[in-house]
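A short write-up of the structure that comes next.
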Amino acid sequence: MKKLRTIGRLADLTDAEACPRLVIKVGSSLLVGTDGAPRSDWLATLVGEIAAAHGRGQEILVVSSGAIALGARRLDLSRGGRASLADAQAAASVGQIALAGLWADLLAAHGITAAQMLLTLDDLEDRRRYLNATATLGRLLAAHAVPVINENDSVATNEIRFGDNDRLAARVAQAAGANAVILLSDVDGLYDRNPKAEGAQLLRIVRGITAEVHAMADGGSGSGMGSGGMTSKLQAAEIAERAGIALAILNGTHDAPLGRALSDGSGTLFMPRASGNVGRKAWLGGRLRLRGALVIDQGAARALHAGSSLLAAGITAVEGSFARGDAVAVRDADGAILAHGLAEYGAGECELLMGRHSRDHAGLLGYAPRSAVIHRDQLVLL
């Protein structure tokens, strides 16, 4: 198997040898005008770039926002269809047809078949459904189609939804085994402070999302049309980097936005970890919904970083209500999340065992204990 060239700069995202599989996310404010009508001329220039990438051997997946905005216009709903959950669901139901047709017609003009996939949070949080999505995406790409993916907002609720397509794009990249993600937005990238502030500097390369990097983000959506801001983009970058996937934020407001941004290097490239998690651990590390948390002491934290499983003796608190096999966070005493893992015991059993030595477990449980509260094979460090 040929070894891929390493992605080290924005221009590498158009190189089929460095980036054979690429996810492109398009925000609502780019695809839909303030009047609620699609920006068809702009989208045609982007589709032309996608067709060019397709022609040079890259496999492209598109995560496209815009269904709610398009549907709201057709239903004459206030506040862009976001006045209530019912309005958003209705607008999405109507707008998704228009959105899919828009992409299908423009790609067909270049001889490319578009495929539609509507996903919910549970489709990528449940392991079996995640693998089903992976299989479908792989087959579509093998057939040279371009999957166009969106959250299924017609059935998603506030409790079970991604809430923004930035994080959806990163999770899709994991499921599809992509090399990179491009988030097209109405901003140039990540600045070291509010971009309106005097002396604000655009960060061209970011190596690792730290607390200092998070502090630079603004959680709002500048257009008021989308649901994501810089905070959601950094969360997407974290998901991607853990899986060894590069992620870039580019300004998409210009015609043919990929070529313009990549040619002059204007944007922010978040570098992947040198050895990212793959397979089950990538899925686990990127999970957005966790059933609870286990708080651990410093000794247990050191043991985890040394490659050990999580034992009950190092647990100081149990949070939430979870069952065996559920995904939980592992936190330190200061609240920092150290890992995600699949619990070998439910919350009640964890409370019974926490702080106790393994030799005591059989007597406490009344049955033969398991080897760990979270086995290292079911745990991923963040």
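The values are calculated or read from the model by the stated rules, or taken from the named source; none is laboratory data. Bear in mind the structure is a predicted one, so any value in this text is a computation, not a measurement. All Cβ positions, even for glycine, are placed from backbone atoms using ideal geometry, and neighbour counts span all protein chains on display.
Numbers below:
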| read-out | value |
| --- | --- |
| Subset of region 35-58 [assigned to a loop (DSSP other than H, G, I, E, B) and within 25 Å of Ala236 (Cβ to Cβ)] | Arg39, Gln58 |
| Count - residues of region 297-326 that are over 19 Å from Leu364 (Cβ atoms) and crowded, with 19+ Cβ neighbours inside 10 Å | 2 |
| Within region 327-367, considering residues that are surrounded by 18 or more Cβ atoms within 10 Å (Cβ to Cβ) and among the acidic types (Asp, Glu), the one nearest to Ala301 (Cα to Cα) | Glu344 |
| Only listed residue being surrounded by 15 or more Cβ atoms within 10 Å (Cβ to Cβ) and either over 18 Å from Leu183 (Cβ atoms) or modelled with pLDDT of 95 or more (or both), chosen from Arg273, Arg291 | Arg291 |
| Filtered residue count, region 174-193, keeping only those that are in a strand (DSSP E or B) and either basic (Lys, Arg) or under 19 Å from the mean Cα position of the chain (by Cα) (or both) | 6 |
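The rows are residues; the columns are (1) out of contact with any Ser or Thr (no Cβ under 8 Å at 6 or more places or on another chain); (2) assigned by TED's automatic domain parsing to the domain that holds Trp42; (3) crowded, with 18+ Cβ neighbours inside 10 Å; (4) at pLDDT below 95.
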{"residue": "Asp105", "(1), (2), (3), (4)": "yes, yes, no, no"}
{"residue": "Ala108", "(1), (2), (3), (4)": "yes, yes, no, no"}
{"residue": "Ile112", "(1), (2), (3), (4)": "yes, yes, yes, no"}
{"residue": "Leu124", "(1), (2), (3), (4)": "yes, yes, yes, yes"}
{"residue": "Arg128", "(1), (2), (3), (4)": "yes, yes, no, yes"}
{"residue": "Leu131", "(1), (2), (3), (4)": "yes, yes, no, yes"}
{"residue": "Thr136", "(1), (2), (3), (4)": "yes, yes, no, no"}
{"residue": "Leu140", "(1), (2), (3), (4)": "yes, yes, yes, no"}
